[in-house]
Structure formats: C-alpha cells, structure tokens
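The values are calculated or read from the model by the stated rules, or taken from the named source; none is laboratory data. Just so we're clear, the structure is a prediction, and the values are computed from it rather than from any experiment. FYI the Cβ positions are ideal-geometry reconstructions off the backbone, even for glycines, and counts take in every protein chain you see. For the accessible areas, the whole protein counts, side chains as well, though only heavy atoms, and no ligand, DNA or RNA atoms are used. Shrake-Rupley method; radii C 1.70, N 1.55, O 1.52, S 1.80 Å.
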Amino acid sequence: MTPADVGMAPGLRRRTPGLRREEVAQLSGVGVTWYTWLEQGRPINASPQVLDAVARTLRLDQPEREHLYHLAEVPYAQGREASARAVGAEVQGIIDAMDPRPAVVYNARYDILATNPAYRDLFLLPQAPGTGVPNVLWSLFTVPAEECPLVFRDKELPMMVATLRSAYGRHVGEPVWEGFLRRLSAASPYFAELWGSGDVIPPGRRVKTFRHRVVGELRMTSVSLSVDGMPECRIVVYTPDDEESGVRAARLRGLRTT
C-alpha cells in the first residue's frame, strides 16, 4: 500500500514506499499509540469496529481479515461492513415533523437516505451513478458552478470533501466507496483536485448560504445529530441564521403550499 493508493500525498524525505504506521492509524481512525500496540501484539481490547477499520485501510481480503481477527482473539462474523441504505418509519417521521426546517439523513458518503419537503425545496436530488440513491456531493459537483445552490461554493465544497475523507479511512478498499470516488473524480476535476489535497475535518455545525432562484439567498445554520442504531449516519437540520433568511424560508414554504 502506497500513499497514492489511498489518495495521500507522499511528502518529502520518505524512507518507505508503503504507508507509515501513523498513516495507517490516521486512515483507520485510531490513535498511533493504540495501533502500535496492536502491531506489537500487546494485550489491548480490539473491538470489531476498529479491526474492520484497519482491515479496510490495508485492503485485506476475507481470509486475511479472518486471520487478523484470529490474531486479535476476536470472533469473526461476516457481513458487518454493510452500511445503511434507508431509514425506518420512525426516523422519517422525525424529520417530517421538523418541517418547515429542512432536514435530511446522510450516511458517511453523503448518500441521501431520507428528506423532508423543506429540504427538497432547497435541493434537486439526482441519483449518483452506480449507487442507485441520491447523493448530495454528486449533485453539487456535477452541476455548473453558476447553478450550484451554495453561494460560497469554493469555501463549502472543500469542507464537505474533507468531511468525506474523515470517514473514508473506515472504508478504504470497499467497492462501493472506491467506485463512487472514481466516478465522481472522473465527472468533476474540481472534486478530484480537492480529494487529492488530503484534508480531513469531522462533521459539525456550519453556517451556509444558499441561493434560490425565486426567494433569493438564505443563510442557514446546519446541525448534525447522530441516529441511534444507524452507525455513520446523521440527521442534518437547517435553521435560518437571521431574520431575513427566516422570512425567505417562509416564502419558500408558501410557494410549495400554493
């Protein structure tokens, strides 16, 4: 495994062609000390989730993954990698109840698993090729820049890609993830450029400015909420950040009802 294999810059004065220990730890989302102890076979408690992350980073096949579990003395169960592709009626009911606040459920890849009417007022939701579900990154990176609903596109899109990369370390080598990244990089040179930067940030509160062709600009604060029982999924809710944006959001809702 080389840095280029995982989209990282090799850097200068590199002594090894492969991944450094700290790079494996970073991509797997674990501490360098903990990963060092794992390599050394120390008596630490290695959870299945962490072992899966290391296995994905190193692109282990099933026999290699099973061997890793055996070395860590953790029972191996197949099928633990499946990610959520839909939400239940309870979660859908929660985001519907948030209307007129736009709300959406994303997984770690920004696939759109559920929306409420207010969210659909702000966004068009084209499906990402190869996944069969709408994806907000695909939507934002493949429309012409002048049609992007984000006003400060050159600020917001790099942050979203850095958030995507923060999750990617747990999915390195997974066909769905690798195929999505490959197709989006081919469709959007700008995404490919940002992905190659290697920046990483976690999800969090943001203030974003949207443009709507009828009501104008809306400044919205986004807040992420975890979803119990749906690992790596989050509800994102948008609230008007100022009075004028609240008025325009109400106008947007009025357009829907009429």
How many of the residues making up the range 167-196 are without any contact (Cβ under 8 Å) to a residue 40 or more places away in the chain and under 30 Å from residue 239 (Cβ atoms)? 1
Please go through the range 223-258 and give me each residue that is touching a Ser or Thr at 6+ places or on another chain (Cβ under 8 Å) and of a type in the set (S, T, N, Q), ordered by number. 239
Quickly run through the range 144-172 and pick out the residues that are under 24 Å from residue 245 (Cα atoms) and assigned to a loop (DSSP other than H, G, I, E, B). 148, 149, 151, 152
All but one of (1) part of a helix (DSSP H, G or I); (2) modelled with pLDDT of 90 or more hold for residue 239; which doesn't? (1)
Taking the range 207-258 only, how many residues are touching a residue at least 40 places away in the same chain (Cβ under 8 Å) and under 15 Å from the mean Cα position of the chain (by Cα)? 8
Is there a residue in the range 172-179 that is at pLDDT 90 or above and hydrophobic (A, V, I, L, M, F, W, C)? no
For residues that are open to solvent by 60 Å² or more (accessible area, probe 1.4 Å), part of a helix (DSSP H, G or I) and either under 18 Å from residue 5 (Cβ atoms) or touching a Ser or Thr at 6+ places or on another chain (Cβ under 8 Å) (or both), tally how many sit in the range 30-72. 1
Considering only the range 179-199, state which residues are open to solvent by 60 Å² or more (accessible area, probe 1.4 Å), outside any loop (DSSP other than H, G, I, E, B) and either within 17 Å of residue 153 (Cα to Cα) or touching a helix residue (DSSP H, G or I) at 6+ places or on another chain (Cβ under 6 Å) (or both). 189, 193
Only residues that are of a type in the set (A, V, I, L, M, F, W, C), surrounded by 15 or more Cβ atoms within 10 Å (Cβ to Cβ) and over 25 Å from residue 97 (Cβ atoms): list them for the range 200-240, please. 200
Among the residues of the range 91-107, the number that are in contact with a helix residue (DSSP H, G or I) (Cβ under 6 Å, 6 or more places away or on another chain) and within 19 Å of residue 134 (Cβ to Cβ) is 4
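Tell me, which residue of the range 108-136 that is touching a His at 6+ places or on another chain (Cβ under 9 Å) and modelled with pLDDT under 85 is least open to solvent (accessible area, probe 1.4 Å)?
First, pick out the residues of the range 108-136 that are touching a His at 6+ places or on another chain (Cβ under 9 Å): 108-109, 121-122.
Checking the rest, the ones that are also modelled with pLDDT under 85 come to 121-122.
Values: 121: 40, 122: 21 Å².
Across the range 108-136, the extreme among qualifying residues is 122.
So which residues in the range 147-197 are acidic (Asp, Glu) and within 15 Å of the chain's Cα centre (by Cα), if there are any at all? Walk me through it before giving the result.
Kept after step one, since they are acidic (Asp, Glu), are these residues of the range 147-197: 147, 154, 156, 174, 178, 193.
Matches in the range 147-197: 156, 174, 178.
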